[in-house]
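Novice: Before I ask anything, let me first share the structure, which is written out below as structure tokens.
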Amino acid sequence: MRLYLSVAAFAALALPAAAQEAPIQQTIQQQLDAFNAQDVPKAWTYASPNIKGIFGTPDQFGEMVEKLYPMVWQHGDVRMLELRTVAGNLWQRVMITDLGGRTYLLDYMMVETKDGWQINAVQLLPQQGVGA
């Protein structure tokens, strides 16, 4: 009986994160699809107010993504990995394979706004197995 209550309590605590996972992943995928279609104004709609304040215009945002995140700008395969809470922020890990077949891991910081989930930061993670 006690084990059942513990499992039920754990499931209830995990529910909010699981409920957030699908809309978060959908937001990221929709932005990636917009970049693949070269639809920067649409990709811009998935950026948080903070990101919009930093870049000012969709064109400046698109130029940054094209130059610094070519694997996001034009990608092949996308695989959503784990959603984590780090220091109170939600981070979605994403594995992206570019058109040349190289694979990258990125962390997307997500924020919930009046317009739904939006991307507040993207961090390219170091390649595994590189270095001394």
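Every number in this text was worked out from the coordinates using simple rules, so none of it is lab data. This structure is a prediction, so every number in the text was calculated from the model and none was measured. We place every Cβ from the backbone using ideal geometry, glycine too, and count neighbours over all the protein chains shown.
Novice: Under a point spin-label approximation (7 Å from Cα along Cα-to-Cβ), what is the Asp98-Arg84 distance to one decimal in nm?
Specialist: 2.4 nm
Novice: Also: Can you bin every Cα-Cα distance in the range 19-124 into 5 Å intervals starting at zero and give me the percent of pairs per bin, rounded to whole numbers?
Specialist: 2, 13, 25, 27, 20, 10, 2, 0
Novice: Find out how many positive minus negative residues lie around Val65, taking Lys and Arg as positive, Asp and Glu as negative, among other residues whose Cβ is under 15 Å from that of Val65.
Specialist: Numbers: positive: Lys42, Lys52, Lys67; negative: Asp33, Asp39, Asp59, Glu63, Glu66, Asp98.
Net charge around Val65: -3.
Novice: Another question, then. With the cut-off at 1.5 for a/c, could you classify the range 42-89 from its C-alpha gyration tensor as rounded, prolate or oblate? Walk me through the numbers on the way to the answer.
Specialist: On the way: a/c = 2.32, a/b = 1.18, b/c = 1.97.
Note, shape of the range 42-89 comes out oblate.
Novice: Between beta-carbons, use under 9 Å as the cut-off and find the net charge around Gln74, counting Lys and Arg +1, Asp and Glu -1.
Specialist: Once all neighbours under 9 Å are counted, the net charge is -2.
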